[in-house]
Amino acid sequence: MRPTAATAMNTSLAGAAYAWKITEAATFRERLLFFPNFETSEDWRVRSETSFEAAFAASWALRLGYLYTRDNLPAPGFDKTDSTTSVSLVWKR
């Protein structure tokens, strides 16, 4: 779908990422993204991804994650906030 005047918006992206290697086998990560809308200042979005990963073998790790999103002006029928938790089995080469 090509953007039109009704669907396009003037936006940007700002973000930060942090990783802390707690031990040789454990890592904490945080990534924060901010999407402002320059045409409508109340219409912004935030996404925060937090995870903890622990290796239990040379090529395998368990990752626990939490994703939080906020859309300050969501489409009708949608909530402003959403969150997801996850547990993943990670294979590293």
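The values are calculated or read from the model by the stated rules, or taken from the named source; none is laboratory data. Nothing here was measured: the structure is a model prediction, and the numbers come from that model. Cβ coordinates were reconstructed from backbone atoms using ideal geometry, including for glycine residues, and neighbour counts include every protein chain displayed. The protein model used for the area step is the full one, side chains on, heavy atoms only, and it has no ligands, DNA or RNA in it. Shrake-Rupley method; radii C 1.70, N 1.55, O 1.52, S 1.80 Å.
Taking all protein chains in place and a 1.4 Å probe, what share, in percent, of the accessible surface of the chain do carbon and sulfur account for? The C+S portion of the solvent-accessible surface of the chain is 59 percent. Please list log₁₀ I(q)/I(0) at q = 0.15 Å⁻¹ for the chain, using the Debye equation with identical point scatterers on the alpha-carbon positions. One equal scatterer on each Cα of the chain leads to -0.73.
I'd like to check one number: the per residue accessible area of the range 1-91, probe 1.4 Å, reported in Å² as a whole number.
75 Å²
Between S12 and A26, the modelled labels are 3.8 nm apart [label points 7 Å from Cα along Cα→Cβ]. Applied to the range 70-79, the Karplus parametrisation 6.51 cos²θ - 1.76 cosθ + 1.60 on θ = phi - 60° returns per-residue 3J(HN,Hα) values of 9, 10, 5, 10, x, 5, x, x, 10, 7 Hz, with x for Gly and Pro.
If I take every Cα pair under 8 Å that is 6 or more residues apart in the chain, average their sequence separation and divide by the length, what percent do I get for the relative contact order? Normalised by residue count, the contact order of the chain is 20 percent. Stretching S83 away from E42 to a fully extended chain increases their span by 12.7 nm, per 0.36 nm per residue minus the current alpha-carbon distance.
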